[in-house]
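Since the structure comes first, as structure tokens, the remarks are kept for the end.
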Amino acid sequence: MKKTSADRKNSILRTSLFAAVLVGMLIFLVFSILAAVTFGNADLSLKDVYSVIAYKLFHINSLSAYGEGAVHDVVWLIRLPRVLLALGVGMALSVCGVVMQAIVQNPLADPYVLGVSSGASLGATLAIMAGIGSFFGGNSVGVMAFIGALITSFAVLAVANMGGKANSGKLILAGMAISSVCSAFSNFVIYITNDKNASAEIVRWTMGSLGGASWERVRIMLPLTIVCALVFWSQYRNLNLMLLGDDVSITLGTDLHRIRTVYLILASVLVGFAVYSSGMIGFVGLVIPHIIRILFGTDHRRLLPLSALLGASFLIWCDVLCRIILKNSEMPIGVLVSIIGAPCFIYLLVKKSYGFGGAK
């Protein structure tokens, strides 16, 4: 069926609008990075902040005084890694939210719907309460959380594939079952250990924080997030097909079983690294894709990059608020994101008879 002139014009208009929004959101993300690095408890001038960054990036001789000292340490070793880690984690959670929602064909899904969060929590609990993984050193809690998230994902896949190939419904049910088991084991370990200090540490970890940001974590998280986001973006046709269901995809000549498994493992690895880097942060992978779907539709060719950019900017500014909202203290970012995300999600549900298209 040939496209009419009106169809071609509409297609060009939609493409132009998408390109303009994409560039605009990319510019806003760069602005967010440059602005967020100026916020913090230490009172530094804009000149000091940007002089440190300029010297480290371009090695300008006239700025060599900013190559060391207290100002250098605050900007280069604390603030900038924290902002870039927020970028990576926000992008990762948003992208994984989009992918998870396509995998299980449920717009209410997020990166933790398949028990990944409970598995990460169990891993962290075992590290804190029982000392398991202590040979990982100072990163033992984060590493054990990552391992827990990954093992949980494989367990969900194994259970969902019992008695036949996994489909979206079986994945959700398997995720709920595995999540309950992990939560029960976590509570059991906390109960029998009866260590109030360790329990308080678990609570702080589950609230989420970017305070442990370092260049080492940024060098792991940011490249991995960008690569995975690009991989998923290249798979937008398969993700679109998942929304139609297994029966339709098979009639179109594509068996989604193997593809769904690969996507789930890749998304779980990404969520695991996000958990390792920042603890538990909810609602980002749930609310951000909703907003983009309502504004720009369900096509993953547009949905994925826009969600990635918006999620990154959103978490950067949430982290800024965490640093300045309480004087001489820091609010857990997971708490703030939930305070913002839960009402937004309720509003979206009330405002829209929401499906994948966000239309009434």
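Report yes if some residue within the stretch 35-42 is assigned to a helix (DSSP H, G or I) and either open to solvent by 30 Å² or more (accessible area, probe 1.4 Å) or touching an Asp or Glu at 6+ places or on another chain (Cβ under 9 Å) (or both); otherwise report no.
Just the residues of the stretch 35-42 that are assigned to a helix (DSSP H, G or I), to begin with: 35-36.
Then keep just the ones that are either open to solvent by 30 Å² or more (accessible area, probe 1.4 Å) or touching an Asp or Glu at 6+ places or on another chain (Cβ under 9 Å) (or both); that gives 36.
Looking for residues that are assigned to a helix (DSSP H, G or I) and either open to solvent by 30 Å² or more (accessible area, probe 1.4 Å) or touching an Asp or Glu at 6+ places or on another chain (Cβ under 9 Å) (or both), one finds at least one in the stretch 35-42, hence yes.
Would you check if there is a residue in the stretch 179-196 being open to solvent by 30 Å² or more (accessible area, probe 1.4 Å), closer than 21 Å to Leu108 by Cβ and of a type in the set (Lys, Arg)?
Scanning the stretch 179-196, I find no residue that is open to solvent by 30 Å² or more (accessible area, probe 1.4 Å), closer than 21 Å to Leu108 by Cβ and of a type in the set (Lys, Arg), so the answer is no.
Among the residues of the stretch 154-166, what is the count of those that are under 16 Å from Val262 (Cα atoms), modelled with pLDDT under 85 and open to solvent by 60 Å² or more (accessible area, probe 1.4 Å)?
Adding up the residues that qualify gives 1.
Evaluate the following for Val23: is it without any contact (Cβ under 8 Å) to a residue 12 or more places away in the chain, β-branched (Val, Ile, Thr) and farther than 19 Å from Arg82 by Cβ?
For Val23, the condition - without any contact (Cβ under 8 Å) to a residue 12 or more places away in the chain, β-branched (Val, Ile, Thr) and farther than 19 Å from Arg82 by Cβ - is met.
Pick out the one residue from Gly212, Gly245 that is farther than 13 Å from Ile103 by Cβ and out of contact with any strand residue (DSSP E or B) (no Cβ under 7 Å at 6 or more places or on another chain). Spell out the reasoning first.
Details: Gly245 fails: farther than 13 Å from Ile103 by Cβ.
None of the other options fit; the residue is Gly212.
Keeping to the stretch 104-143, report how many residues are open to solvent by less than 20 Å² (accessible area, probe 1.4 Å), within 27 Å of Leu26 (Cα to Cα) and of a type in the set (A, V, I, L, M, F, W, C).
The total comes to 1.
Quick one: which of Gly212, Gly297, Gly245 is surrounded by fewer than 24 Cβ atoms within 10 Å (Cβ to Cβ) and closer than 25 Å to Ala149 by Cβ?
Within the list Gly212, Gly297, Gly245, the selection yields Gly212.
Pairs only if they're at least six apart or on different chains, beta carbon under 7 angstrom, first in the stretch 238-264 and over 18 Å from Gly169 (Cβ atoms), second among the aromatic types (Phe, Trp, Tyr) and at pLDDT 85 or above; list them, first residue then second.
Listed pairs, sorted by first residue: none to list.
Could you list, in sequence order, the residues of the stretch 215-230 that are open to solvent by less than 50 Å² (accessible area, probe 1.4 Å) and closer than 27 Å to Ile324 by Cβ?
Answer for the stretch 215-230, where residues must be open to solvent by less than 50 Å² (accessible area, probe 1.4 Å) and closer than 27 Å to Ile324 by Cβ: Arg217, Val218, Met221, Leu222, Thr225.
Just the residues that are assigned to a loop (DSSP other than H, G, I, E, B) and closer than 16 Å to His290 by Cβ, please, taken from the stretch 94-126.
Gln105, Asn106, Pro107, Leu108, Ala109, Asp110, Pro111, Tyr112, Val113, listed by residue number.
The values are calculated or read from the model by the stated rules, or taken from the named source; none is laboratory data. Here the structure is a predicted model, which is why all the values come from computation and not from measurement. A quick note on method: Cβ atoms are made from the backbone with ideal geometry, for glycine too, and the neighbour counts reach across all protein chains shown. Heavy atoms of the whole protein, side chains included, go into the accessibility calculation; ligands, DNA and RNA do not. Shrake-Rupley method; radii C 1.70, N 1.55, O 1.52, S 1.80 Å.
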